[in-house]
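To keep things clear, I will list the structure first and then write my remarks on it.
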Amino acid sequence: MTDFAATKALFHLPEGMIYLDGNSLGPLPLAAAERVRGVIADEWGEMLITGWNKAGWMEQPTRVGDRIGRLIGAEPGHVVMGDTLSIKVYQALASALEMRPERRVILSDSGNFPSDLYMAEGLIATLGRGLELRVVAPEDVAAHITDEVAVTLLTEVDYRTGRKHDMADLTARAHAAGALTIWDLAHSAGALPVDLAGCGADFAVGCTYKYINGGPGAPAFIYVAPRHADAARPALSGWLGHEAPFAFDTAYRPGTGVERMRVGTPPVLALAALEAALDIWDMTTMQDVRESSIALSERFLKGVEASCPMLTLASPRDAAQRGSQVSFRFENGYAAIQALIARGVIGDFRAPDIMRFGFTPLFIDETDVGSAINIIADVMNNQRWDKPEFKTRARVT
Ligand SMILES: *Cc1c(COP(=O)(O)O)cnc(C)c1O
């Protein structure tokens, strides 16, 4: 079993704070500050342009991609880092749609994160070939996988409710119907075991600033299944996805395998912070993380339900159907979350009425969960949220 007390000691966690928002932005790994300082001083400072060769900056996106790949069950050499998740959704969708030219439907669900849906809308307008984005309720996805569907664009774990799709089952259904699958792992990578290779997923994308703790704006990743890697045409054909960037040809030729999904210059400093965060992942397994996450979430769910009758559970009750978060509905959820933050319990609010709490065993333990339950019970039962200062909405909720 993983020594989670040892992993917790590797993060900077502000005094008096119980951070139940690692599903939105992971905390600072102590080594990240050190690592970035080192890259700035020793590599950027001393090596300057020679750092691309001497410090291995050019290989960083695939080197880090392989480390992410280990957390999501990808075959080595089939994950690459760069850009933001929204961009990676666009790339995966553009490539997948081109592989099903005779089909017109992109199937997604109403629990998907809006940016994924917006990127699909934008791409549909750009392509102008009469594609349709079909958005159904999460529980109706399976029934809507028909031979009209070109691609399923699904986020495995719903960002609001934590409801988890059955990736193996939906992938098999999509393939049986002749469709391709894109899995968004934003709330899966670092949250629960994922088996991309075992499920036969076609494309996957995700971010690294949530459960993986890579820091605000940390680069995203994309996976392309080995059987598609040399066939998928990259829509964003930047020079670093070219077969030979330093040949400076005027014509584009896609690079080998997933490297073709690189676009431009990698974010070297951000990737350095992410590499430091990944060192902590070497101390555990996704099985251990999942086991502990379920224990912590179950304790939280039961404790909060028992003490706060005004809150309605928005997450699946069965832990096997949930990601690594627990959400409750409450009419004054925004004010309640602000009141909790003022008391040092950090969760977040998602419109219209969701109070969301993430469970991240690398730095949250049973004691934290016990204290959080007590504070939530006090804030809710004594209506401590009912104050004007907790009701003014900030830009980020
Ligand atoms: C967090 C999240 C995003 C955010 O995309 P960025 O481009 O990184 O801002 C997109 N999709 C899902 C499913 C998310 O959870």
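The values are calculated or read from the model by the stated rules, or taken from the named source; none is laboratory data. Predicted model only: the values in this text are computed from it and were never measured. Note that we place each Cβ from the backbone using ideal geometry, even for glycine, and neighbour counts take in every protein chain shown.
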Are any of the residues in the range 192-205 closer than 30 Å to residue 32 by Cα, within 12 Å of the ligand (Cβ to nearest atom) and not hydrophobic (A, V, I, L, M, F, W, C)?
no
Out of curiosity, is residue 115 assigned by TED's automatic domain parsing to the domain that holds residue 277 and assigned to a loop (DSSP other than H, G, I, E, B)?
no
Is it true that some residue in the range 233-255 is touching a helix residue (DSSP H, G or I) at 6+ places or on another chain (Cβ under 7 Å) and under 28 Å from residue 161 (Cβ atoms)?
no
For helices (runs of 4 or more DSSP H) lying entirely in the range 281-397, having 3 or more residues that are surrounded by fewer than 18 Cβ atoms within 10 Å (Cβ to Cβ) picks out 286-307, 366-381
Taking residue 46, is it surrounded by fewer than 20 Cβ atoms within 10 Å (Cβ to Cβ), of a type in the set (Asp, Glu) and either within 30 Å of residue 224 (Cα to Cα) or modelled with pLDDT under 95 (or both)?
no
Test residue 243 against the criterion of being farther than 30 Å from residue 376 by Cβ, of a type outside the set (Val, Ile, Thr), without any contact (Cβ under 8 Å) to a residue 60 or more places away in the chain and touching a strand residue (DSSP E or B) at 6+ places or on another chain (Cβ under 7 Å), and give yes or no.
yes
Restricting the search to the range 364-384, which residues are more than 21 Å from residue 294 (Cβ to Cβ) and of a type in the set (Asp, Glu)?
378
Find the helices (runs of 4 or more DSSP H) located wholly in the range 1-110 whose residues include 1 or more that are out of contact with any Asp or Glu (no Cβ under 6 Å at 6 or more places or on another chain) and closer than 30 Å to residue 178 by Cβ, and list them.
60-71, 85-98
Odd one out for residue 260 among (1) surrounded by 23 or more Cβ atoms within 10 Å (Cβ to Cβ); (2) within 20 Å of the chain's Cα centre (by Cα); (3) among the basic types (Lys, Arg)
(2)
Output the residues belonging to the range 206-218 that are within 11 Å of the ligand (Cβ to nearest atom) and among the β-branched types (Val, Ile, Thr).
208
Only one of 231, 197 is assigned to a helix (DSSP H, G or I), assigned by TED's automatic domain parsing to the domain that holds residue 99, surrounded by fewer than 18 Cβ atoms within 10 Å (Cβ to Cβ) and at pLDDT 95 or above; which?
197
Matching entry among 292, 307 (being polar (S, T, N, Q) and within 30 Å of residue 71 (Cα to Cα)):
292
For the range 110-125 the number of residues that are closer than 16 Å to residue 350 by Cβ and either more than 8 Å from the ligand (Cβ to nearest atom) or not polar (S, T, N, Q) (or both) is 6
If you scan the range 4-23, which residues turn out to be small (Gly, Ala, Ser) and surrounded by 20 or more Cβ atoms within 10 Å (Cβ to Cβ)?
22
Starting from the range 352-377, take each residue that is free of Cβ contacts under 8 Å to residues at least 24 places away in the same chain and list its partners that are crowded, with 18+ Cβ neighbours inside 10 Å, counting only C-beta distances under 8 angstrom and pairs at least six apart or across chains.
none
Tell me, which residue of the range 156-188 that is within 19 Å of residue 20 (Cβ to Cβ) and basic (Lys, Arg) is nearest to the ligand (Cβ to nearest atom)?
160
Within the range 34-49, identify whether any single residue is aromatic (Phe, Trp, Tyr) and in contact with a Pro (Cβ under 7 Å, 6 or more places away or on another chain), and answer yes or no.
no
